[in-house]
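Following: one structure in structure tokens, then a few remarks.
The values are calculated or read from the model by the stated rules, or taken from the named source; none is laboratory data. Only a predicted model underlies this, so the values are computations on that prediction, with no experimental measurement involved. Glycine gets a Cβ as well: all are built from the backbone with ideal geometry, and neighbour counts include every protein chain shown.
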Amino acid sequence: MIFKEPVVHRAPALCIRTRFIRALPTAAFALMLTACATPQLKDDIQWPEPAFARPPAENGVLAETARAVTSTHTGKHSGFKLLNGSRESMDWRLALIDSAVSSIDIQTYLWYPDSAGMLLLERVVRAAEERGVHVRLIVDDLLTIGQDQPLYELNQRPNIEVRLFNPWRKRNLVSRGGEMIVEMQRLNFRMHDKLLIADGHAAVIGGRNIGDHYFGLSHAYNFHDLDVLGFGHLAQQTNQMFDSFWNSNWVVSVDNFDAQPDPEFAETTWTSIIANNAGNEDLDSFHVGVQDWTDELEDLVPGLHIGTSEVIYDEADGDAVIQNMALEMFEFFELAQEELLVTNAYIIPNQDAIDRLQALTDRGVDVRILTNSLASHDVPAVNSHYKGWRDDFIEAGAELYELRADAAIKETVVEVPPVKGRFVGLHTKAAVIDRELVFIGSMNFDPRSFNINTEDGALIRSPGLARELVELMEQDMHPDNAWQVLLDEDGDPYWVNSDETVNRQPARNFWQRVMDLFFRMFPKELY
């Protein structure tokens with residue numbers, strides 16, 4: 001963790017000096033898997049006049065749900081629900097989309113063309129076309145190769161606007177390779193935020209991208225992740241964040257593609273999506289058709305945790321991005337007086353971070369940290385640069401835990417029947433202070449999140465929400481789900497869980513150990 005003053009990046013004419021890139025997931029936003037002709041980005045990019053979120057809807061079940069919160073509290077309060085399990089995280093996204101009557105805004109790093117991605121896409125399109133809901137989508141352009149015509153056609157559909165963050169000018173794979181060499185920062189600087197807002201009354205913010213890995217539907221592996229759903233003031237705060245990106249020069253409308261509408265392609269694509277969703281056995285646990293969620297929303301209200309919030313994010317201000325999340329997180333951790341619990345998937349610290357941790361424990365703060373083990377990791381390069389700091393965390397007074405690849409929560413919380421993945425990985429980014437203050441967001445504790453990507457999160461004051469999150473975090477740290485890392489009398493780490501004690505970091509296979517050594521050769525700043 002590198003705590004310092006905000007960093008300002010500017011993007012004049014979308015031309016930025018080079019900087020190397022870390023390995024990133026190979027996902028792409030798409031409407032279908034079929035490749036098609038690749039348009040180009042026009043030389044003369046047009047930015048429309050600034051546009052902003054619609055006022056909160058005056059009617060609809062989401063408005064009624066929000067009013068049930070604000071009628072008994074001030075307008076600055078929200079009602080919160082943790083979205084811990086994969087199935088409930090998908091269900092409540094579908095509930096917001098199906099229930100919206102005015103607007104849906106979605107901002108995401110990745111949108112996979114898989115079961116989860118296509119299910120959500122169908123519901124978004126139906127909301128726009130069948131109910132006249134105004135939809136705005138911002139997707140990072142890192143891995144949209146071969147999907148420009150589908151994106152263009154989506155943007156042509158009624159009530160839907162699509163924009164890309166930091167797009168390539170050259171759109172096909174070969175041309176992108178050349179542009180990557182000339183303007184490496186295009187790949188390196190990415191929008192990592194995740195956000196969904198419906199009717200200006202409800203919002204989901206947290207760690208999940210849109211794809212099978214994040215909703216328990218991948219046959220390879222699935223992530224244990226976390227979001228928070230909020231009704232009330234949180235939605236208005238997230239609207240401001242979304243608008244700052246929507247109106248910045250980092251975000252470009254796909255209207256700027258040098259493309260022409262292809263009605264036959266659009267209709268074939270849409271028909272294929274509907275048919276594939278309807279016949280997809282992996283989606284058996286979900287309602288494939290649009291649902292009425294009124295009863296579920298009414299039942300939800302009594303169990304919401306009431307609290308206040310602040311949405312923090314790296315601001316996209318015109319042609320600049322101001323990275324201030326590191327400073328915000330440092331100030332948040334400093335508030336701890338008795339206890340700090342942290343769950344974060346990707347941690348690469350530095351000595352400054354260890355010193356700050358030591359200062360917390362020196363004044364009596366109980367610190368517990370959960371991250372990935374090598375065995376649960378999907379990015380072994382991060383582990384390569386984290387593993388040397390294990391003893392520093394422990395010697396600074398923290399309890400250190402690492403997720404098991406075979407965690408008991410794999411079947412009970414993460415996977416959605418009938419799907420079964422080979423292992424579970426951690427993707428959560430959350431913290432609790434003194435069982436009163438909560439952070440949930442997109443930010444990892446590594447150089448990329450602190451210095452390169454744009455990130456976001458919600459700081460929430462709600463004792464009820466905090467207590468529930470502590471229970472979930474302690475469950476994740478239980479020996480059935482995690483290894484505790486300890487130091488022997490010689491200062492060497494060993495790992496203990498409910499089944500065994502080992503003196504070598506857990507791994508799924510020999511190849512993981514090879515990759516762990518290989519990525520150690522590269523600078524940690526890449527990751």
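Among the residues of segment 67-84, the ones that are surrounded by 21 or more Cβ atoms within 10 Å (Cβ to Cβ) and within 28 Å of residue 285 (Cβ to Cβ) come to 5 in all. Within the set 398, 408, 430, the sole residue that is touching a residue at least 12 places away in the same chain (Cβ under 8 Å), closer than 22 Å to residue 330 by Cβ and surrounded by fewer than 24 Cβ atoms within 10 Å (Cβ to Cβ) turns out to be 398.
Do the conditions hold for residue 190, that is, is it surrounded by 24 or more Cβ atoms within 10 Å (Cβ to Cβ) and either without any contact (Cβ under 8 Å) to a residue 40 or more places away in the chain or charged (D, E, K, R) (or both)?
Considered against the rule, which asks whether it is surrounded by 24 or more Cβ atoms within 10 Å (Cβ to Cβ) and either without any contact (Cβ under 8 Å) to a residue 40 or more places away in the chain or charged (D, E, K, R) (or both), residue 190 comes out as no.
Being polar (S, T, N, Q), at pLDDT 95 or above and more than 13 Å from residue 155 (Cα to Cα) is the filter here, so list the residues in segment 248-268 that pass it. The answer is 268, and nothing else. Of everything in segment 342-377 that is of a type in the set (A, V, I, L, M) and under 14 Å from residue 433 (Cα atoms), the residue that is nearest to the chain's Cα centre (by Cα) is 342. The single condition from (1) in contact with a Lys or Arg (Cβ under 7 Å, 6 or more places away or on another chain); (2) modelled with pLDDT of 95 or more that residue 170 fails is (2). Whenever a residue of segment 234-252 is more than 21 Å from residue 438 (Cα to Cα) and polar (S, T, N, Q), its partners that are at pLDDT 95 or above and outside any loop (DSSP other than H, G, I, E, B), lying with C-beta atoms within less than 8 angstrom and at least six residues away or across chains, give the pairs 244/313. Looking at segment 83-165, the strands (runs of 3 or more DSSP E) lying wholly inside it that each contain 2 or more residues that are more than 17 Å from residue 193 (Cβ to Cβ) and in contact with a strand residue (DSSP E or B) (Cβ under 7 Å, 6 or more places away or on another chain) sit at 134-140, 160-165. Among the residues of segment 356-373, just one is in contact (Cβ under 8 Å) with a residue 40 or more places away in the chain and over 23 Å from residue 474 (Cβ atoms), namely 356. Here the condition is being at pLDDT below 95 and among the acidic types (Asp, Glu); of 474, 525, it holds for 525 alone. If you go through segment 485-527 and keep only what is under 26 Å from the mean Cα position of the chain (by Cα) and not in a loop (DSSP other than H, G, I, E, B), you end up with 512, 515, 516, 519, 524, 525, 526.
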